[in-house]
Amino acid sequence: AKKAGRGQHRFFDQSLNLKDVEEFHLEQSFAEALRNREFVLHYQPQVCLDSMKIIGYEALVRWQHQEFGLLYPDRFIPMAENSGFVIPLGLEVLRLACAQVTQWQVEDVPVRLVAVNVSPIQLAQPQFCRQVLEIISEHGLKTGQLELEITETAMLDARAVESLHCLKAAGVKLSLDDFGTGYSGFAHLEAVPVDKLKIDRSLIAKICNSHDDSPIVSSTIILAKRMHLKVVAEGVETREQLVHLKVAGCDIAQGYHLSRPIPPAEVPGFLRAFAGS
Ligand code: C2E
Ligand code: CA
Ligand code: CA
Ligand code: CA
């Protein structure tokens, strides 16, 4: 409907601007890329700071483009959101992640939890909760093995909040991403039923030593605990940051210091090496 509207407008004002042409090509190539299965997921481990064991993986999408090579999400997710393509792409990502966990289970690779990023546009779809639960059951997973990372809670409409309550009631885990960046803060926390809070890496980057030189991070951890939420730190790049976070009571850490996101084929070897280290 949106497309027809835009086309009509274009017809009347006789202008065909470059941006529309580019968007059209991009939408075409998105659809083709989906058919060719060019979207792949890389996985980044999340480590429990008490046990130093891996508790799960975040799935991060990449586009294995025929001409341009491996494209990172910042290059195509914003456009996929504008064109609505993020809806079929998001379903593909969920299927890929669930299929991967199933395969790991068959191969005795101990991966119990996968976290998948979802766009607010996906959440606003009235069928979103039902589709997610269908994908989970088609792959024989338990709902508690899937976690959805959500952002921009300030912008979520009533339908999106309804999706979240539906998913939560079914046992799917919910995590609030990019916490502390302005889109996600304590003011929005009461409306959404999340289990975890992920402190944005821009805040973690401010931790330079193992003293409390980042009162925002330590206060966030204290407040989150009072709300019975687990706290995840993302973008942990140094040992000092890891030590600081552990002392401050953070539950889970993720970042280059532990591992970069890796292709699924490298996960079993990484797990063995990590357990042995
Ligand atoms: P995000 O959810 O905040 O994901 C964390 C990003 O930080 C990832 O970038 C990850 O590779 C990167 N990262 C992890 N550890 C470190 C570290 O120690 N230092 C630094 N500097 N960076 C680190 P990536 O994979 O390029 O993803 C960027 C964003 O794209 C994600 O941010 C997420 O918002 C979005 N995204 C990724 N996959 C999906 C998806 O399947 N669907 C949707 N809708 N969005 C996605
Ligand atoms: Ca995320
Ligand atoms: Ca982030
Ligand atoms: Ca983000």
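Of the helices (runs of 4 or more DSSP H) lying entirely inside the range 42-148, the ones with 1 or more residues being within 16 Å of ligand 3 (Cβ to nearest atom) and either more than 20 Å from VAL172 (Cα to Cα) or of a type outside the set (A, V, I, L, M, F, W, C) (or both) are found at 73-83, 120-123.
When you check LYS142 against the structure, is it charged (D, E, K, R), more than 17 Å from the chain's Cα centre (by Cα) and more than 28 Å from PRO78 (Cα to Cα), yes or no?
On the way: charged (D, E, K, R): yes; more than 17 Å from the chain's Cα centre (by Cα): yes; more than 28 Å from PRO78 (Cα to Cα): yes.
Yes: the conditions hold for LYS142.
Scanning the range 140-149 for residues that are of a type in the set (Asp, Glu), within 16 Å of ligand 2 (Cβ to nearest atom) and touching a Gly at 6+ places or on another chain (Cβ under 8 Å) turns up at least one hit. Taking the criterion of being of a type in the set (A, V, I, L, M, F, W, C) and closer than 24 Å to ILE207 by Cβ, the residues of the range 241-277 that qualify are LEU242, VAL243, LEU245, VAL247, ALA248, CYS250, ILE252, ALA253, LEU258, PHE274. Looking across VAL236, VAL194, VAL217, one residue alone is assigned to a loop (DSSP other than H, G, I, E, B), away from ligand 1 (no atom under 14 Å from the Cβ) and crowded, with 17+ Cβ neighbours inside 10 Å. It is VAL194.
Evaluate the range 112-120: report whether one residue or more is among the charged types (D, E, K, R) and within 26 Å of GLU266 (Cα to Cα).
Going through the range 112-120, the residues among the charged types (D, E, K, R) turn out to be 112.
So of that shortlist, the ones also within 26 Å of GLU266 (Cα to Cα) come out as 112.
Among the residues of the range 112-120, at least one is among the charged types (D, E, K, R) and within 26 Å of GLU266 (Cα to Cα), which makes the answer yes.
Scanning the range 156-188 for residues that are surrounded by 15 or more Cβ atoms within 10 Å (Cβ to Cβ), of a type in the set (D, E, K, R) and away from ligand 2 (no atom under 16 Å from the Cβ) returns GLU162, LYS168. How many residues, within the range 61-89, are surrounded by fewer than 18 Cβ atoms within 10 Å (Cβ to Cβ) and within 16 Å of ligand 4 (Cβ to nearest atom)? Qualifying residue count, the range 61-89: 7.
Only the coordinates and a few stated rules stand behind these numbers; no lab work does. All of these numbers come straight from a predicted model, not from anything done at the bench. For neighbour counting, all protein chains shown are included, and Cβ atoms are generated from backbone atoms with ideal geometry for every residue, glycine included.
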